[in-house]
Amino acid sequence: MPYVTVNGIQLFHTDTGAGTPVLFLHGWGTSGRVWDAQVADLAPDHRVVTVDCRGCGRSEHPPTGNTTPTNVEDILALIAHLGLEKPLLVGSSLGATFALETALRAPQHVAGVVSISGPGYWPSQGMVGALRSLISSLATDRAATVADWVPKWFGPAAPVELVRRTVRQILASGHFIDELFTEAMSHDPREAVTGIPVPVAYLHGRHDTEIPLEVSRTLASLTPYGTFHVIEQAGHMAHQEQPAAVNSLIRVALDSIATDALHRS
């Protein structure tokens, strides 16, 4: 069934393939559909799970609980419900924050993390004013604000239809998720990641105008088993703009996990 009830709400998910599990976590306002290219590439030899996070896509849109800690609880409950044994968590943008926080909260249930243009400490250190203005604009005219903002997420080579599809997904998700922006203004994971015990690959689009490249580079330098990779010809949504490059690096992460497991056995 595509719907499961975890942590008190219904979440939509897809679950395809068999093998080492990979759980994909989308960014603010989008849905598991953003991972279509990754599912197609990985499902032939891995178990691939996507989820629409609470408040987004086809999942339930609760008026409260749209916070990072609650999303982490949702993710851990989904991992347990589906019987995923130490999945690789792949997160884009805010989904990368969820992935990192899940690995920090319960590293025994996570094999590793791939962070794609994760915001890290930037919302609290470099964009508080911009986020306050965004929250106000979303409340005043959500459709116009999203239509103006979302094209900036993508690099110059992104198809126009991809941008339009992203706008439609966000507008369908509704306004309860805006609570996440308020929370982000105080979030800074730099100290926490120095103790993360699982490998983290930080990927970042060269042309990302939302989150500076240096954010991922800095977090990688602080993470004990961190690596940093630039995705050329991509903006904030590298997994959709340059899927082949991103898929290749996800496979590198999976191969590393498999090698580590072999050495431990």
Considering region 218-244 alone, what residues qualify as being under 17 Å from the mean Cα position of the chain (by Cα) and free of Cβ contacts under 8 Å to residues at least 24 places away in the same chain?
-> Ala220
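Here's the yes/no breakdown for (1) out of contact with any strand residue (DSSP E or B) (no Cβ under 9 Å at 6 or more places or on another chain); (2) within 22 Å of Pro87 (Cβ to Cβ):
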residue	(1), (2)
Leu171	yes, no
Gly205	no, no
Gly226	no, yes
Glu232	no, no
Gln240	no, yes
Would region 251-260 turn up any residue that is without any contact (Cβ under 8 Å) to a residue 60 or more places away in the chain, of a type in the set (Gly, Ala, Ser) and more than 27 Å from Ser31 (Cβ to Cβ)?
-> no
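One line per residue, one yes/no per condition, for (1) in contact (Cβ under 8 Å) with a residue 12 or more places away in the chain; (2) within 24 Å of Gln240 (Cα to Cα):
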site	(1), (2)
Gly83	no, no
Thr97	yes, yes
Gly120	yes, yes
Leu131	yes, no
Ser136	no, no
Which condition number in (1) surrounded by fewer than 18 Cβ atoms within 10 Å (Cβ to Cβ); (2) within 20 Å of Ala201 (Cα to Cα); (3) touching a residue at least 40 places away in the same chain (Cβ under 8 Å); (4) hydrophobic (A, V, I, L, M, F, W, C) is the one that Val90 fails?
-> (1)
Go through (1) touching a residue at least 12 places away in the same chain (Cβ under 8 Å); (2) assigned to a helix (DSSP H, G or I) and name the single condition Ala40 misses.
-> (1)
Check Arg168, Arg217, Arg190, Arg251 and return the single one that is in contact with a helix residue (DSSP H, G or I) (Cβ under 7 Å, 6 or more places away or on another chain) and among the charged types (D, E, K, R).
-> Arg190
Quick one: which of Asp45, Asp15 is part of a strand (DSSP E or B) and closer than 20 Å to Lys86 by Cα?
-> Asp15
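Conditions tested, residue by residue: (1) over 22 Å from Met185 (Cα atoms); (2) assigned to a helix (DSSP H, G or I); (3) in contact with a Cys (Cβ under 6 Å, 6 or more places away or on another chain); (4) at pLDDT 95 or above.
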position	(1), (2), (3), (4)
Tyr202	no, no, no, yes
Ile211	no, no, no, yes
Val215	no, yes, no, yes
Thr218	no, yes, no, yes
Pro224	yes, no, no, yes
Phe228	yes, no, no, yes
Check on Glu60, in contact with a strand residue (DSSP E or B) (Cβ under 6 Å, 6 or more places away or on another chain), among the acidic types (Asp, Glu) and modelled with pLDDT of 95 or more | yes
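Condition check ((1) in a helix (DSSP H, G or I); (2) in contact (Cβ under 8 Å) with a residue 24 or more places away in the chain; (3) surrounded by fewer than 22 Cβ atoms within 10 Å (Cβ to Cβ)) across all residues:
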site	(1), (2), (3)
Arg33	yes, yes, yes
Thr50	no, yes, no
Pro69	yes, yes, yes
Leu76	yes, yes, yes
Leu100	yes, yes, no
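The values are calculated or read from the model by the stated rules, or taken from the named source; none is laboratory data. Not measured: the values here are computed from a predicted model. Here Cβ is always computed from backbone atoms with ideal geometry, including for glycine, and neighbour counts include all displayed protein chains.
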